[in-house]
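In what follows, a structure is listed as structure tokens, so that the remarks can point back to it.
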Amino acid sequence: MADKIVLEIARYAPEKDEKPSFQSFEVPFRKEWVVLDALNHIKDKMDGSLTYRWSCRMGVCGSCGMMVNGEPKLTCATFLSSYGNGAKVRVEPLRYFPVIRDLVTALSDFLVKLQSVKPWLIRHDDVPLSAGEYLQTPEQLDLYKQFSMCINCTLCYAACPVVGLEPTFVGPAALALAQRYNMDNRDQGAEERLGLLAHPEGIWGCTFVGECTRVCPKHVDPAGAIQQYKLKAALEWVKGFILPRGHEDAGKEVRP
Amino acid sequence: MTQLPSTEFHPRWYREPVSTYWWIGSWRYSLFILRELTSVAVAWTVVMLLFLLRALLSGPDAYTRWLHRMQSPVLIVLNAIVMCFLLLHTITWFNLAPRAMPVRVNGKRVPEVLVAAPNYGLWVVASVVIAWFVLRTS
Amino acid sequence: MSKPSNEGFFWLLFSAGGVVAAVFLPVILFLFGLAFPLGWVSPPSFEHLLALARNPLARVFLFVLCSLPLFHWAHRFRFTVYDGLQVKHLNEVVLVFCYGGAVLGTLVSGYLLLRM
């Protein structure tokens, strides 16, 4: 018996389909092949209309994320051999995202959310370029380094039930990225971000399911980042409650 | 969510609705819902404690009646289930707490196991102390 | 920019209650809910328990033991109901039931412990 594996792929063409349906393709089972190789084989040899995103094939670009047997996965890092010879493998677009065609999800909403957390260094002073670089010790880098490894593959959104239930929830990757800048000693925007994110659709929407962290291919731990953010926000609330005036003044001082 | 524009090439986007029973679909989600439902066991235990306090306030007879009522098979079965949920709460709470409160020593993050271990130690000590206070004969 | 919401306060209560519940509740339920009713250990006498509950420190401890875990329940159960049953439209009802229940339980425990 030849070595084969069957891919059941979700197909959706917006110009004619009401909703997605599955199409099966039998592809060679090769132990060095990942799911993305099998998809490329189908597009090259069997059905050129199959639509999906991919780029780097090495787990860096974050564009080939799909649901493989119901699990959010980077298809470039998911080997056929982990499903076994002759297996049936279901490939679907990432869950909770609107589907544009076949395996391609709409990212516009995610990008709006990502931008909404102001993921850049915010400074209140205007230091000229000639003053040189901001210095940072290895310990200061280590505080946020884990949270800076995100490749925006959106697997965490597909794993998070809150994202599905609450489409306005800012979501794991964006909140973790906010925390990445909060914990950067060069940044002065923590207070500004807290104002944006300490609300029910920001950090308080998270119920610590923890699935985002489990599926993250870059070990970012968004769930941990969000809980740490909650603790910080709660302590800020206490500070603001005990010292309402002093707190306000302290906030004004750093503003230019 | 932000309204997505439709274009000539994307007349509509398909969005799969989330089932009301999404938490049955995968055992990981089910475990999450069970973890969240431990809060009911927590509330149950507090209510039991409130009834005990009321019995203590009402006198020896009320206390005896309360002890007797706790022996009903239905309550014992329920309490056995509640006990499992309380243990699930304790274990998940201790295991997840280090993620929310990372401990750093000399700039290096302490492994989560080492942060969780003292919690379990504290739990055992606290349990023994409470049991001693309740059970000691004066 | 929206004002930071008071969710932080309720989350702190939730967290504190979670710790108290995790550390102290299992032994209490084990003793009073299983060990005494099943006769594994003989229950303490009325006089002993009453003397214990009348100790001022024990009263404070019991008050914390009742109120914080109730606020833990209120917060967690609220989100479980939202997510598990998708009933965001019943927001007010759920809020009143959960936090109202926690406040009520706290008042009852305070009353009982003051009169003890």
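Computed from the coordinates by the stated procedures, all read-outs in this text should not be read as laboratory data. Source: prediction; values computed, not measured. Every residue, glycine among them, receives a Cβ derived from its backbone with ideal geometry; neighbour counts consider all protein chains shown.
Listed conditions (1) over 30 Å from B:T38 (Cβ atoms); (2) part of a helix (DSSP H, G or I); (3) away from every other protein chain (no Cβ under 12 Å) are all met by A:A178, apart from (1). Filtered by the rule that a residue be within 19 Å of the chain's Cα centre (by Cα) and within 14 Å of chain B (Cβ to nearest Cβ), region A:184-203 gives A:E201, A:I203.
Residues in region C:49-82 that are among the small types (G, A, S) and more than 8 Å from the chain's Cα centre (by Cα): C:A51, C:A53, C:A58, C:A74. Look at (1) in contact with a helix residue (DSSP H, G or I) (Cβ under 8 Å, 6 or more places away or on another chain); (2) assigned to a helix (DSSP H, G or I) and you find that B:P102 fails only one, number (2).
Apart from one condition, B:R54 fits all of (1) assigned to a helix (DSSP H, G or I); (2) closer than 28 Å to C:L50 by Cα; (3) touching a Ser or Thr at 6+ places or on another chain (Cβ under 9 Å); the exception is (3). Residues in region B:105-138 that are within 26 Å of A:T207 (Cβ to Cβ) and charged (D, E, K, R): B:R109, B:E112.
Can you name the residue in region C:1-53 that is over 18 Å from C:L68 (Cα atoms) and facing chain A (nearest Cβ under 10 Å) and is also surrounded by the most Cβ atoms within 10 Å (Cβ to Cβ) among such residues? This residue is C:P4.
Has region C:36-50 got any residue that is touching a residue at least 60 places away in the same chain (Cβ under 8 Å), within 26 Å of B:W93 (Cα to Cα), in contact with a helix residue (DSSP H, G or I) (Cβ under 9 Å, 6 or more places away or on another chain) and not acidic (D, E)?
Taking every residue of region C:36-50 in turn, none turns out to be touching a residue at least 60 places away in the same chain (Cβ under 8 Å), within 26 Å of B:W93 (Cα to Cα), in contact with a helix residue (DSSP H, G or I) (Cβ under 9 Å, 6 or more places away or on another chain) and not acidic (D, E).
Figure legend. Inter-residue proximity from region A:75-99: first residues free of Cβ contacts under 8 Å to residues at least 24 places away in the same chain, second residues aliphatic (A, V, I, L, M), beta-carbon distance below 7 Å, spacing 6+ or different chains. Indicated pairs: A:P98/A:A106; A:P98/B:L4. Within region B:72-86, the residues that satisfy the criterion of being closer than 16 Å to B:A43 by Cβ and out of contact with any Leu (no Cβ under 8 Å at 6 or more places or on another chain) are B:L75, B:L78, B:I81, B:C84.
Exactly one residue out of C:F79, C:F71 is part of a helix (DSSP H, G or I), facing chain B (nearest Cβ under 8 Å) and surrounded by 20 or more Cβ atoms within 10 Å (Cβ to Cβ): that is C:F79.
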